[in-house]
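A.B. asks: I am attaching a structure below and will ask some questions about it afterwards.
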Amino acid sequence: MATENQGILRYTADLRSIAFVAAYGVLATTGWLFTPRSPWLLAAWVAATCVSSWIIGVVTHNTIHCPVFRSRGLNRAFQVWLSLSYGWPVSEYGPGHNLSHHKHTQKGKDLMRTTRVHFRWNLLNLLAFGPFAAIRVSAANQQFASRAKVRAKSWYRQFMLETVIVWTVKIALLCLSWKKALLFVFIPHLYAVWGIVEVNYLWHDGCDEDHPYNHSRNFVGKVFNFFTLNNGYHGIHHLHPGLHWSLAADAHAKELHPFVHPALEQRSLLVYLFRTFVWRGTRVRYTGEPIDPVDPPDEPFMTELGAAEMAELSLT
C-alpha cells in the first residue's frame with residue numbers, strides 16, 4: 001500500500017503522474033521539431049500525443065481532488081504545467097466536477113449526468129454525451145468564475161494565471177506554425193477534454209446512484225489502471241473523493257468488492273466497450289435490463305454555493 005511521505009511530494013507514487021506529464025511534453029515537442037514525413041507515422045504520432053494529453057486529463061482530475069505537492073507554490077506551478085499539457089485551465093475542472101458531479105451524481109444538479117442523451121443506438125449516446133455535457137459545464141464555469149472574483153479570490157487568481165499562460169502559448173504556437181499547432185497541440189487538447197468527459201458515461205450510465213455500492217462502474221484491469229492512475233476504481237473515488245489515487249485499489253478491495261454487484265467490476269475495458277456500444281450496443285441497466293432513462297429537470301447548483309464551499313477548490 002502506498003503511504004504518505006515527508007518529502008516534497010505528498011505521495012511518492014506521484015512520480016508516475018509527473019512522468020506522464022513529462023511524456024506528453026516529449027511527444028509534442030519532438031513531433032513539432034521532427035515532424036514525421038510518413039503520413040502513417042505522423043498519424044500514429046498525433047494519436048499517441050492525443051492519448052498522452054488525455055492521461056494528463058486524468059492527472060488533472062486527481063490533482064483537483066488531492067494536490068501533488070506539500071508546497072502551495074509548487075501545486076500552483078504544477079497546475080500551470082498541467083494546464084499547458086491538458087490544454088485547458090486546470091482550475092476550471094473543479095466547479096462542474098467537484099461541486100456538481102460529485103455532490104449530486106446523476107441528479108438534476110449534476111452537469112455531467114448521463115441521462116441527457118437518448119439515442120436508440122448506445123454508441124451515439126457515448127459520442128454525443130461529451131459535447132452535450134461540455135456545453136453546460138463551460139457555461140457553469142463562467143458563472144462560477146464571475147462569482148469567484150469575490151467569494152473565492154485565491155481560486156480566481158490561479159484560474160486567471162492558467163488561462164492567460166495557456167492561451168498566450170497557444171496563440172504564439174499558432175503564429176509560428178498553424179499546421180504543427182493543429183497537429184501537436186489543438187487536436188490532442190480537444191481529444192483530451194472530450195475523452196475526460198466521455199469516460200463519465202462509462203462510470204455511471206445504467207448504475208444506481210442511490211445505492212451505497214452500485215452507484216459507479218469499475219474497471220479493475222491492471223494495465224488500464226496503471227496508465228489511468230487507478231481511475232478504474234471509480235466507486236471508491238466517489239465514496240472518498242480526497243483519497244489519493246495510489247490507495248484506491250486497496251480501498252476498493254476492502255470497502256466495495258465484497259458488496260458491489262459483479263457486473264460493476266469489469267475486467268476488460270475493450271470487451272465492455274464492444275459489448276455495450278458495438279454488439280449489441282443496447283443501453284442496459286447494470287443488472288442487464290434494457291433501459292431508456294428519464295432525465296431529471298435541470299436544477300442550478302450554483303445558487304446554493306457559499307463563499308466557503310467555493311473556496312474549498314483553492315489549493316491546499
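The values are calculated or read from the model by the stated rules, or taken from the named source; none is laboratory data. On a predicted model such as this, the values are computed, not experimentally measured, just so you know. Cβ: placed from backbone, ideal geometry, glycine included. Neighbour counts: every protein chain shown. Surface accessibility is based on the protein's heavy atoms, side chains included, excluding ligands, DNA and RNA. Shrake-Rupley method; radii C 1.70, N 1.55, O 1.52, S 1.80 Å.
A.B. asks: Going through Arg72, Arg76 one at a time, which residue ends up being in contact with a Leu (Cβ under 7 Å, 6 or more places away or on another chain) and surrounded by fewer than 18 Cβ atoms within 10 Å (Cβ to Cβ)?
C.D. replies: Arg72
A.B. asks: Going through Ala13, Ala23 one at a time, which residue ends up being of a type in the set (Gly, Ala, Ser), within 24 Å of Val193 (Cβ to Cβ) and modelled with pLDDT of 95 or more?
C.D. replies: Just one listed residue meets the conditions, Ala23.
A.B. asks: Considering only residues that are in a helix (DSSP H, G or I) and within 12 Å of Asp205 (Cβ to Cβ), which ones fall in segment 91-113?
C.D. replies: none
A.B. asks: For segment 245-262, state whether one or more residues are surrounded by 15 or more Cβ atoms within 10 Å (Cβ to Cβ), modelled with pLDDT of 95 or more and closer than 27 Å to Phe119 by Cα.
C.D. replies: no
Residues are listed down the side, and each one gets a yes or a no for (1) open to solvent by less than 50 Å² (accessible area, probe 1.4 Å); (2) closer than 19 Å to Ile56 by Cβ:
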residue	(1), (2)
Ile135	no, no
Phe144	yes, no
Lys170	yes, yes
Ser177	yes, no
Phe184	yes, yes
Leu190	no, yes
Cys207	yes, no
Pro212	no, no
Ser216	yes, no
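A.B. asks: Tyr156 - would you say it is modelled with pLDDT of 95 or more and assigned to a helix (DSSP H, G or I)?
C.D. replies: Judged against the criteria, Tyr156 is not a match.
For (1) within 23 Å of the chain's Cα centre (by Cα); (2) over 30 Å from Ser154 (Cβ atoms); (3) not in a helix (DSSP H, G or I), each residue gets a yes or a no:
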{"site": "Gly25", "(1), (2), (3)": "yes, no, no"}
{"site": "Thr35", "(1), (2), (3)": "no, yes, yes"}
{"site": "Val51", "(1), (2), (3)": "yes, yes, no"}
{"site": "Thr63", "(1), (2), (3)": "yes, no, no"}
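A.B. asks: Same structure again: Can you tell me how many residues within segment 223-276 are of a type in the set (Lys, Arg) and touching a residue at least 24 places away in the same chain (Cβ under 8 Å)?
C.D. replies: Here the count works out to 1.
A.B. asks: Residue under question is Trp81, and the condition is that it be more than 15 Å from the chain's Cα centre (by Cα), open to solvent by 10 Å² or more (accessible area, probe 1.4 Å) and at pLDDT 95 or above; does it hold?
C.D. replies: Yes.
A.B. asks: I've got another one for you. Quick one: Ile55 ticks every box in (1) surrounded by fewer than 22 Cβ atoms within 10 Å (Cβ to Cβ); (2) assigned to a helix (DSSP H, G or I); (3) not basic (Lys, Arg) except a single one, so which number is it?
C.D. replies: Among (1) surrounded by fewer than 22 Cβ atoms within 10 Å (Cβ to Cβ); (2) assigned to a helix (DSSP H, G or I); (3) not basic (Lys, Arg), Ile55 violates only (1).
A.B. asks: Only one of these conditions is not met by Lys109: (1) within 23 Å of Gln158 (Cα to Cα); (2) in contact with a helix residue (DSSP H, G or I) (Cβ under 9 Å, 6 or more places away or on another chain); (3) touching a residue at least 12 places away in the same chain (Cβ under 8 Å); (4) open to solvent by 30 Å² or more (accessible area, probe 1.4 Å). Which number is it?
C.D. replies: Going through the list (1) within 23 Å of Gln158 (Cα to Cα); (2) in contact with a helix residue (DSSP H, G or I) (Cβ under 9 Å, 6 or more places away or on another chain); (3) touching a residue at least 12 places away in the same chain (Cβ under 8 Å); (4) open to solvent by 30 Å² or more (accessible area, probe 1.4 Å), Lys109 breaks only (1).
A.B. asks: Restricting attention to segment 114-126, which residues are out of contact with any strand residue (DSSP E or B) (no Cβ under 9 Å at 6 or more places or on another chain), assigned to a helix (DSSP H, G or I) and either aromatic (Phe, Trp, Tyr) or touching a residue at least 24 places away in the same chain (Cβ under 8 Å) (or both)?
C.D. replies: If the condition is that a residue be out of contact with any strand residue (DSSP E or B) (no Cβ under 9 Å at 6 or more places or on another chain), assigned to a helix (DSSP H, G or I) and either aromatic (Phe, Trp, Tyr) or touching a residue at least 24 places away in the same chain (Cβ under 8 Å) (or both), then Thr114, Thr115, Arg116, Leu123, Asn125, Leu126 are the ones that fit.
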